[in-house]
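Note sheet for the following structure.
The values are calculated or read from the model by the stated rules, or taken from the named source; none is laboratory data. Everything quoted here is computed from the prediction, not taken from an experiment. A quick note on method: Cβ atoms are made from the backbone with ideal geometry, for glycine too, and the neighbour counts reach across all protein chains shown.
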Amino acid sequence: MDADLLEELALRAGGLIRDGRRGLLGITGAPGAGKSTLAVAIVEKLGREGIAAAHVPMDGLHLADVALQARGLLDRKGAIETFDAYGYLAQLQRLRRELDHEVLVPGFDRTLEQPLAGAITVWPTDRLVVTEGNYLLDAEGAWPEVRAALDETWFVDLDDSVRTERLVRRHVEFGKPEPYARQWVEQVDEPNARRVIARRDLADVVIDGSLL
């Protein structure tokens, strides 16, 4: 990752911390743009500077397959309606105000392709939470309230051809045959990506994903 860019972004992220409150930074972008890469880099950079931060992906609020199947959404996994948006909002509100004890939040296991309850611990010493996900700037349902709950929302932008190839490789890595992975990216991931990219200009910062 570009060292100067990381320095600049870590400084900006650290500036979201105020005395007596925990900062909340959101990172969004289309699937495969590099959101997780950036979130982890920011958390690690701040840690090296003595600032405790936590990485809390939105994917922990993905509906489990059993819930998707009951709603007829299993073949749309990753679309906006396959996340518990109000649960995510409540989680952010907890992370903002509950500072005197640890807060356990769900994670997402990419091998199982399932959310895992209580997989991530946010400690009272964590001064900043970096959360990332596709729909942080969306206008539907609870998502405007999610945006309002965050101090800033950054958008990671990446050339579509690079991003889609990265997505195909990720799907193959976690068990999908390549022809099926390409079909999934074209029919499921890319409609979601178009929705996300349409909200790019509403972000506080737009970051060139090729530098990550």
- Item | Residue in region 75-91 that is nearest to Y180 (Cα to Cα), counting only those that are hydroxyl-bearing (S, T, Y) and in contact (Cβ under 8 Å) with a residue 24 or more places away in the chain | Y88
- Requiring at least 2 residues that are over 16 Å from the mean Cα position of the chain (by Cα) and not charged (D, E, K, R), the helices (runs of 4 or more DSSP H) wholly within region 135-212 are 160-173, 178-184
- Task: Would you mind finding the one in L92, L116 that is of a type in the set (A, V, I, L, M, F, W, C), modelled with pLDDT of 95 or more and either out of contact with any Pro (no Cβ under 8 Å at 6 or more places or on another chain) or in a helix (DSSP H, G or I) (or both)?
- Result: L92
- Query: So which residues in region 63-89 are in a helix (DSSP H, G or I) and more than 17 Å from the chain's Cα centre (by Cα), if there are any at all?
  - Reply: D65, V66, A67, L68, Q69, A70, L74, D75, R76
- Restricting attention to region 136-181, and to residues there that are touching a helix residue (DSSP H, G or I) at 6+ places or on another chain (Cβ under 6 Å) and surrounded by fewer than 17 Cβ atoms within 10 Å (Cβ to Cβ), which single residue is farthest from R12 (Cα to Cα)? E178
- Would you please list the contacts, defined by Cβ atoms under 9 Å and residues six or more apart or on different chains, that run from a residue in region 112-135 that is within 25 Å of A10 (Cβ to Cβ) and among the basic types (K, R) to a residue that is modelled with pLDDT of 95 or more and outside any loop (DSSP other than H, G, I, E, B)? R127/G14; R127/G23; R127/L46; R127/A53
